Amino acid sequence: MADETAAKYHVGGVGLIATFVGLVVLATLSLLLSFLHWPVGDLVVSLLIALVKALLVVYFFMHLIEQPFSSHMAMLVSLIWVTLLIGLAAADVVTRHTFPVRPEPTEGQPFYVR
Amino acid sequence: MNDPASVNDWLRTMLFLPPQASTMAESIDHLHMLVILTTMAGSAAVGLMAVFFVIKYRHKGPQKAERDRAPTTPPRVEWALALGLFGLFFGLWVIGFMQFVRLRVAPPDSYDIYVTAKQWMWKFAYQEGAHSITTLYVPAGRPVKLIMTSRDVIHSFYVPDFRIKEDVIPGRYTTLWFEVKEPGVHDILCAEYCGTNHSTMRGQVVALDAADFARFLGRGLDRTATAAPFRQEPEVATSLGPSAPMSLVRLGQQVAAQQGCLRCHTLDGTPHIGPTWAGLWGATVPLKGGGRVLVDEAYLTESMMDPMARIRDGYQPVMPTYLGRLRPAETAALIELIKSLAEVRGQEPMQATLPHADETMPAGAIGQPPPQPAQPLLQHAPAPPGEPAAASQGLPPPGAVVMPAPAGHVTVGPNGPVAPNGPVGGAPPPGQPPPLVEEAP
Amino acid sequence: MKRHALGEQYGDFAQQDETLQFGMWVFLASEVLLFAGLFALYGSYRAMYGADFADAIKHNTLAYGTVNMYVLLCSSFTVALAVWATRRGRNGLCVAMLVTTALLGVAFIVIKLFEYAEHFRERALPGPYYHMAELPTYGANRFFTMYWLMTGLHALHVTGGVCLLVWLTWRAAHRFYTPEHHVGLEMGTLYWHLIDIIWIFLWPIMYLA
Amino acid sequence: MSPPETALVAPAAADEPEIDPLPSLDDGPDYLRAGKGVASWLNTRDHKRIALLFYGAVLCTFMLGGVFALALRTELLTPGRTIMDATTYNRMFTLHGITMVWLFLIPSIPNVFGNFILPIQLGARDLAFPKLNLISFYVFVIGALVILGGMFAGGADTGWTFYTPYADSSPTRVVPVVTGVFIVGISTIFTGLNFIVTVHKLRAPGMRWSSIPLFTWAIYGVSIIMVVATPVLGMALALVGLDHGLGLGIFDPAVGGDPVLFQHIFWFYSHPAVYIMILPAMGVISEVVPTFAHRRPASYTAIAVSTIGIAVVGFLTWGHHMFSAGISELDAGFFGVLSMFVAVFSAIKVFTWTLTLRRGQVKLNAPMLYFFAFLFLFVFGGMTGVALATQSLDLHWTDTYFVVAHFHFIMVGGSVTAFLAGAHYWFPKMFGKIYNERFATVGAIAVFIGFCLTFVPQFLLGNMGMPRRYYSYPERFQWLHVLSTGGAFLLGGALLLALGNLLWALKWGPHAPANPWDSRSYEWLTTSPPPPHNFRVTPTLGYDPYDYSLTEEEAREKARAR
């Protein structure tokens, strides 16, 4: 039962404050980067920053770092499964090439008017 | 049994497989037979092994402790089994995937036919302007590519004799190709559940030899003098900001499309979920639970606002109420539309209808998916004044709602809509199936 | 007093606390997957209509989303402080932090409602109700459909979270949580942090890129 | 989840060395007699009583689903109308599918046998969250009532798959039905969560991961699927409900939506869901075979690893339901090859069970007969699954009766057969009675014959090209349909015989000893039926649960050791 004897590391007040500062800095960084309108990297970079922020919250605010291995597994599994679902579903859309896209409605003809 | 062909036939009969009518069918069947034989051999092997062990090691006398403690199968046996099986399955996958890609990618010289599915019928439109309902005419010995879309829900085009199936999806085009070996007739079945009459959404593929097929297409082109049946697609795409005032009948068409009336009612006499509007006005119809009623303003209005009050015999009570959803002017417009169709005769859905290729009806008829812009027919299409040209939209979206039906196939005369170039009603049924249809193999 | 009773099935309190916390983590994993379906839809539609999505994101008001991002980060911090305070036996601070967190949650909802009102005025509504004249494209329609679904579900979670915080506050005010026994408080705060994390991912895909 | 405010009773004195952990019948009333009155059942926290509540519920839904199935088969006797019209038929097969999938197959083995056996096999006094367990039962009942109420108040005709856009525009009552399934899903998640946490945190001292009994392994793997996949189903169904109820057009092509995306989300759940149905069945078989062969499994590791392998890889294969649905060729190929992995894992299990018989001392009791039925049907059904995952063949077979026969081989031939095996195997443990072996044997053989007669013709129908969900059909299919209908009635009768035999034994059967099958698995250490908290105190379960070189008394000594 190795997973029930995890080291009892406690997140202290300093750790919480540092985490909070880190989160605010990362959020601001993401915001500033979005003004660059970087065509390809925009989404990737902002999602990576989001991932780092989420990890900070999970590990320190939510004290996952104090938790046994099994709790880590729970988070890891959900992360992997989310990736799978999004990845494989979107992979279909990206690689479809039968008769692909719907045309855009022409100027002055919004599609929603039936 | 040394002849491979007779082995093939024997196995096909044993497995109840339908005739191998397309060029791909035989190779698919061979894989099928391989897989099924492996399956049966596998389950038989496991079953026999289990039976053997039971007989050999059945319990006799008092229970003894286990004879030896070591695991009976060493890990390397498990690994070898796993790898061997995976090799087998992977091999099947490789063959299957290669066939799959061949089945999905049509040869470049294929003959294109547009397929539109709706609840619950198939419509086919050919490049030369001919079109047909329920019966698909194809040339034998030549690859045919179907470009398919649906008007309402997902259907699936399935011809067991060709071993092919592809879903027909609203809002998208999917494709399917096959090459029929010999002239003959084959079943089309809808294989994706699509509502009440899913099981009757069947049709036929009629494979003709090259000369007959040309004759079929030619007949389609020749019959310019005959009236095309009034088709049900309204001109929804052109309804935006019309500069000219609209007639009530045309407004009725628009309302019917917007409110979804046409999902259940047809304008051309085709049987569907609800009673057709063709020839409805002024008729006396039987009611469920007995009695008859004259179809007039009162009954029509009641049917829109309180559909369950008096249901026509032979139809399901499925219509929702439109109370509060229709403005009075729209109700009036719908009634005017139904009035205007009083003289339209219904057509039999099983008949091939061969419209003319007149300029006022470019790309013909509806029910036919809009052709690709590259096709000359559409480029010649003149846009009626005051309405945006359909051609300027590029490949228009398929699907029930934004159906940029080419304008002009219904001209609104002083007495309601008149199908172009022809007397409305009283005309002989447009188009008989070509005589060769009956020549079943 | 039935506080902090040990369940029949547990050996000791340590096992009980650990079990409850692990149960909460598994529940959170499940909750994450609830959102995953919507994220997959968003990803697929974005793959179909990339350019339209970019336009629609530009159209969204960055200020609302960003302010809400900072609001939730602060609330996450305060709720973490509440646990920290309880662990040190400072019950008053814990109550104060929980109240602050709940107020921040309410602030989030209020800001969100302002934003929703704006979208409603523009007719940037989901599906067939979408009638925004500036972006008459399928893609923009898809974007706003997903926008309403995802932020709507998130807002429901925030509302539920605020209710949970009120309940935690009530219990903390009655000195229910002690430095030794406060697993209920920890579980409640985990839920609030999850709400924050979901917004951490919604913010970039709805407002930034 | 709230922290437990109330303890059930005072904690037991766990560390008193002189107490023998293994109970005897003299200790006091067993769990069936520990509390009297209806309230003591409806408000119980005991996992064994909750298991029996579920037992009653799923047997009711199973009967109901079976009646629907017979009605469908009767309608299909003739190519046209036999007893019902098309709309009724469509509603009926939807009802049959929903009832069998969500109200019987998914809860059956995990919620009945899992709930009963898993804590005992872990040496635990109860599940980790007993109150949540009871809530799960009531949520299930509410969901079931909402579904059935919705079905009888008009019903949905969408099929259990709820494919859009048909489900959006269907004139029938889709919303209450999806709401009910959503509620049942909540129950599933609660149960899965409870099992996962119990396996991680409440194992008896000494029990390593490598000595967890195989049935518990299977339930653990299933619980992972339940917790991870069910929320996605909930979301998919909620979206269909919104589309149908409010017209949000989430999958509506008219406003740019793509109905195929629904299928992706739906099958992300619903493919793993078939492993929710079959993995517990494999778990039951993994217990039955060593017991009746009196032999350790040929490879414990292979079974445990392939259980988790199926649970994980099962998530990567959902696209094989969509080869003809217009997904990209590349994605289809990817899903196709991953589907083959599942087949490999299943094959490993099958060979391991079969090899377990080798050099054993095989007794042919009813559970073992069900194992043989399971073995044959599962192997054949599984191999046809390999055929269906072969993409070019799938284009001919998908949405035909071949698929119907394939999944009934797995679901009925696999899961229901294993359910019956478990029902007979654990019957003495659950109720303290012994069933009549002769009638059980007849029942098992009749089930097998009826099953084959029902579903083998359907394979042939599928080969001929008969699409599924057809109310009317071309006449050339009729004789096979008649055969299949005859088999269905035989199968129905056989199931009634098997269950009736158990019911009879419930009242009139002779008393069972603690370990009638001479098994070494942990649940047979306690009395039959067990006391309310399974053991006097938590035993030490460090020894191999399949060590048949021990005599029964030696095994009990090991469990007593501290």
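The values are calculated or read from the model by the stated rules, or taken from the named source; none is laboratory data. Remember, it's a predicted structure, so these values are computed and weren't measured experimentally. Cβ atoms come from the backbone with ideal geometry, glycine included; neighbour counts cover every protein chain shown.
One table, with the values for the structure above:
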{"read-out": "Out of D:G249, D:G234, D:G241, D:G206, sole residue that is closer than 21 Å to D:D157 by Cα, surrounded by fewer than 24 Cβ atoms within 10 Å (Cβ to Cβ) and not β-branched (V, I, T)", "value": "D:G241"}
{"read-out": "Single residue of D:F195, D:F215, D:F262 found to be crowded, with 24+ Cβ neighbours inside 10 Å and within 14 Å of chain B (Cβ to nearest Cβ)", "value": "D:F262"}
{"read-out": "Test: residue in the range D:118-130 that is in contact (Cβ under 8 Å) with a residue 24 or more places away in the chain, more than 14 Å from chain C (Cβ to nearest Cβ) and touching a Pro at 6+ places or on another chain (Cβ under 9 Å)", "value": "yes"}
{"read-out": "B:S132 in contact (Cβ under 8 Å) with a residue 12 or more places away in the chain and buried (at least 21 other Cβ atoms within 10 Å of the Cβ)", "value": "yes"}
{"read-out": "Extreme residue, farthest from the other protein chains (Cβ to nearest Cβ), among residues of the range C:31-63 that are in a helix (DSSP H, G or I) and surrounded by fewer than 18 Cβ atoms within 10 Å (Cβ to Cβ)", "value": "C:H59"}
{"read-out": "Members of the range B:149-195 that are in a strand (DSSP E or B), out of contact with any helix residue (DSSP H, G or I) (no Cβ under 9 Å at 6 or more places or on another chain) and over 21 Å from B:H272 (Cα atoms)", "value": "B:V159, B:Y173, B:T174"}
{"read-out": "Any hit, the range C:98-105, residues being in contact (Cβ under 8 Å) with a residue 12 or more places away in the chain, out of contact with any Asp or Glu (no Cβ under 6 Å at 6 or more places or on another chain), in a helix (DSSP H, G or I) and closer than 28 Å to A:T83 by Cβ", "value": "no"}
{"read-out": "Failed criterion for A:L48 (all others in (1) more than 9 Å from chain C (Cβ to nearest Cβ); (2) buried (at least 17 other Cβ atoms within 10 Å of the Cβ) hold)", "value": "(2)"}
{"read-out": "Residues of the range D:18-46 satisfying the condition of being free of Cβ contacts under 8 Å to residues at least 12 places away in the same chain, farther than 30 Å from D:F140 by Cα and assigned to a loop (DSSP other than H, G, I, E, B)", "value": "D:E18"}
{"read-out": "Residues of the range C:119-134 classified as within 12 Å of chain D (Cβ to nearest Cβ) and crowded, with 22+ Cβ neighbours inside 10 Å, total", "value": "3"}
{"read-out": "Matching residues in the range C:171-197 - criterion: being of a type in the set (A, V, I, L, M, F, W, C) and either more than 27 Å from A:L32 (Cα to Cα) or more than 9 Å from every other protein chain (Cβ to nearest Cβ) (or both)", "value": "C:A172, C:A173, C:F176, C:V183, C:L185, C:M187, C:L190, C:W192, C:I195"}
{"read-out": "Some residue of the range D:81-96 being surrounded by 20 or more Cβ atoms within 10 Å (Cβ to Cβ), closer than 30 Å to D:L525 by Cβ and touching a Lys or Arg at 6+ places or on another chain (Cβ under 8 Å)", "value": "no"}
{"read-out": "Top-ranked residue of the range C:109-118 - restricted to ones that are surrounded by 14 or more Cβ atoms within 10 Å (Cβ to Cβ) and not hydrophobic (A, V, I, L, M, F, W, C), ranked as nearest to D:H244 (Cα to Cα)", "value": "C:Y116"}
{"read-out": "For D:G309: the one exception among (1) closer than 24 Å to B:G91 by Cα; (2) buried (at least 24 other Cβ atoms within 10 Å of the Cβ)", "value": "(2)"}
{"read-out": "One residue from C:T145, C:T137 being surrounded by 14 or more Cβ atoms within 10 Å (Cβ to Cβ), in contact with a Pro (Cβ under 6 Å, 6 or more places away or on another chain) and closer than 22 Å to C:Y49 by Cβ", "value": "C:T145"}
{"read-out": "Pairs with Cβ under 6 Å, 6+ apart, first in the range D:313-334 and facing chain A (nearest Cβ under 8 Å) and touching a residue at least 60 places away in the same chain (Cβ under 8 Å), second aliphatic (A, V, I, L, M) and crowded, with 20+ Cβ neighbours inside 10 Å", "value": "D:G326/B:I169; D:G326/D:V260"}
{"read-out": "Flag for D:I106 being part of a helix (DSSP H, G or I), touching a Pro at 6+ places or on another chain (Cβ under 8 Å) and surrounded by 22 or more Cβ atoms within 10 Å (Cβ to Cβ)", "value": "no"}
{"read-out": "Count - residues of the range B:294-334 that are at pLDDT 75 or above and on the phi > 0 side of the Ramachandran plot", "value": "1"}
{"read-out": "Filtered residues of the range D:444-479 (kept if part of a loop (DSSP other than H, G, I, E, B) and not hydrophobic (A, V, I, L, M, F, W, C))", "value": "D:G465, D:R468, D:R469, D:Y470, D:Y471, D:S472, D:Y473, D:P474"}
{"read-out": "Residue that is at pLDDT 85 or above and hydroxyl-bearing (S, T, Y), where the choices are A:T83, A:T95", "value": "A:T83"}
{"read-out": "Hits in the range D:369-399 (condition: touching a Ser or Thr at 6+ places or on another chain (Cβ under 8 Å) and facing chain B (nearest Cβ under 7 Å))", "value": "D:L375, D:F376, D:V379, D:F380, D:M383, D:T384, D:V386, D:A387, D:L395, D:T398, D:D399"}
{"read-out": "Condition check for D:T74: under 18 Å from D:R468 (Cα atoms), touching a residue at least 24 places away in the same chain (Cβ under 8 Å) and buried (at least 23 other Cβ atoms within 10 Å of the Cβ)", "value": "no"}
{"read-out": "Filtered residues of the range A:32-70 (kept if closer than 16 Å to C:G43 by Cα and either in contact with a Gly (Cβ under 9 Å, 6 or more places away or on another chain) or not in a helix (DSSP H, G or I) (or both))", "value": "A:V40"}
{"read-out": "Any hit, the range D:301-310, residues being under 22 Å from D:W397 (Cβ atoms), of a type in the set (G, A, S) and in contact with a helix residue (DSSP H, G or I) (Cβ under 9 Å, 6 or more places away or on another chain)", "value": "no"}
{"read-out": "Checking D:D157 against (1) under 22 Å from D:Y55 (Cβ atoms); (2) more than 14 Å from chain C (Cβ to nearest Cβ); (3) at pLDDT below 95; (4) buried (at least 22 other Cβ atoms within 10 Å of the Cβ), the condition it does not meet", "value": "(1)"}
{"read-out": "Selection count, the range C:1-20, where residues are surrounded by fewer than 22 Cβ atoms within 10 Å (Cβ to Cβ), in a helix (DSSP H, G or I) and touching a residue at least 12 places away in the same chain (Cβ under 8 Å)", "value": "2"}
{"read-out": "Selection from the range D:165-192 of residues that are outside any helix (DSSP H, G or I) and more than 8 Å from every other protein chain (Cβ to nearest Cβ)", "value": "D:T172, D:R173"}
{"read-out": "Out of B:L81, B:L85, B:L17, sole residue that is part of a helix (DSSP H, G or I) and at pLDDT 85 or above", "value": "B:L85"}
{"read-out": "Residues satisfying the stated conditions in the range A:27-43, i.e. at pLDDT 90 or above and surrounded by 18 or more Cβ atoms within 10 Å (Cβ to Cβ)", "value": "A:A27, A:S30, A:L31"}
